[in-house]
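So the structure is just underneath, and the comments pick up after that.
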């Protein structure tokens with residue numbers, strides 16, 4: 001499989017860029033993927049994307065994957081990726097200030113260092129996928145290691161303005177992340193579905209800024225869904241996230257949240273639709289992103305129709 005694409009992004013904002021000029025970004029990309037089953041139980045995958053734009057030039061993102069089928073219902077997989085990401089127009093050109101109407105500068109808020117590089121991630125994965133009980137139960141496990149380099153970030157620097165500092169967009173942030181993810185699904189009948197997900201991340205922050213506290217170490221979720229009749233469905237999702245510190249936000253405690261949903265399929269002549277009642281956060285209030293951002297219980301009713 002192969003393909004190609006061309007894209008044009010344009011941005012104009014006196015507030016974000018500091019003037020009324022239009023900035024264009026021209027993107028070109030070609031990609032290819034080769035799937036090779038060289039043995040009945042072995043399957044290899046080779047892929048690469050080559051990109052070019054007027055912000056950072058030309059760069060390539062290759063990936064190699066290998067799968068081994070232990071049995072008709074169990075598989076091992078591994079992959080190595082050297083991914084690249086281009087910064088956006090705003091990442092490269094943001095120059096945001098507060099000024100009087102006559103042009104007098106009051107406060108320089110966000111600027112950039114005038115240099116842009118691609119962000120890099122080297123990722124290594126080893127996974128297992130198995131189906132049991134005639135497909136009723138599935139288990140998916142993945143071990144991973146990620147090494148991120150030259151990510152864009154907002155360090156504070158001294159400035160000669162009203163508050164004496166400014167955020168400057170630049171490359172240079174890096175971190176290592178090791179952990180595992182798992183998902184277990186159990187569907188005993190057409191009426192019931194249960195699933196559980198867990199992700200563990202052990203982040204090592206590198207110079208010049210340690211971000212290890214900005215990624216939660218534990219993420220857990222459970223889903224249960226019941227369909228008593230063909231047109232009715234009742235479901236609930238329980239989430240849990242461990243303590244973390246949001247960039248330019250606050251340190252927030254661990255969060256546990258339960259959402260409930262009741263839906264009914266409806267039809268009127270040629271119209272097919274769905275009526276939903278949703279409750280977000282059945283339990284106690286919690287704080288997200290900031291210690292001033294309280295998330296309270298919320299109730300929604302949604303109605304949607306599709307015309308055949």
Q: Quick one: among 104, 86, 182, which has the greatest mean-square fluctuation in a GNM of the chain with alpha-carbon springs under 10 angstrom?
A: 104
Q: Tell me which label goes with the value of volume of the Cα convex hull per residue in Å³ computed from the coordinates here: [x] 174; [y] 217; [z] 163.
A: [y]
Q: Over the stretch 91-221, consider all pairs of different Cα atoms and compute the Kirkwood hydrodynamic radius from their mean reciprocal separation; express it in Å, one decimal.
A: 18.6 Å
Q) Tell me, what is the Rg over Rh of the stretch 1-126, with Rh the Kirkwood radius over Cα pairs? A) 1.21
Q.
Using a Förster radius of 35 Å, what is the FRET efficiency between residue 54 and residue 98 based on their Cβ-Cβ separation? Nearest 0.05, please.
A. 0.75
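Using only C-alpha atoms and all pairs of different ones, pull out the Kirkwood radius for the stretch 38-80 in Å with one decimal.
Over the stretch 38-80, the inverse of the mean reciprocal pair distance is 12.5 Å.
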Q.
How far apart, in nanometres, would the label points at residue 182 and residue 28 be if each is projected 7 angstrom from Cα along the Cα-to-Cβ direction?
A. 4.9 nm
(Q) Can you tell me which of 77, 298, 272 moves the most in a GNM of the chain? Springs connect C-alpha atoms under 10 Å apart. (A) 272
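Add -39500 (n - 2.57) for each DSSP H run of 4 or more in the chain, then divide by its residues: what number comes out at 222 nm, to the nearest 500 deg cm²/dmol?
Theoretical 222 nm ellipticity from helices: -500 deg cm²/dmol.
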**Q.** Shape call, the stretch 164-234: gyration tensor on alpha carbons, a/c limit 1.5
**A.** prolate
(Q) What number do you get for the stretch 214-308 when its Cα radius of gyration is normalised by 2.2 N^0.38 Å, N = residues? (A) 1.40
Q: Take the Cβ-Cβ distance between residue 194 and residue 253 as r, set R0 to 30 Å, and report the resulting FRET efficiency rounded to the nearest 0.05.
A: 0.60
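For the stretch 112-183, how big is Rg over Rh, using alpha carbon atoms and the Kirkwood form of Rh?
Ratio of gyration radius to Kirkwood radius for the stretch 112-183: 1.32.
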Q) Which number do you get for Rg(Cα) / (2.2 N^0.38 Å) in the stretch 1-57? A) 1.86
Q.
Please check: in the Gaussian network model of the chain (C-alpha springs, under 10 Å), which one of 183, 191, 214 has the largest mean-square fluctuation.
A. 191
Q | Mean-position separation - Cα centroids, the stretch 235-308 and the stretch 144-175, in angstrom | A | 33 Å
Q: Would you please give the FRET efficiency between residue 122 and residue 267, computed as 1/(1 + (r/R0)^6) with r the Cβ-Cβ distance and R0 = 51 Å, to the nearest 0.05?
A: 0.50
Q.
For the stretch 57-137, compute Rg over Rh where Rg is the Cα radius of gyration and Rh is the Kirkwood radius from the inverse mean 1/r over Cα pairs.
A. 1.37
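Every number here is computed from the coordinates shown, using simple stated rules; none is lab data. Bear in mind the structure is a predicted one, so any value in this text is a computation, not a measurement. Counting neighbours? That spans all protein chains shown, and the Cβs are built from the backbone with ideal geometry, glycine included.
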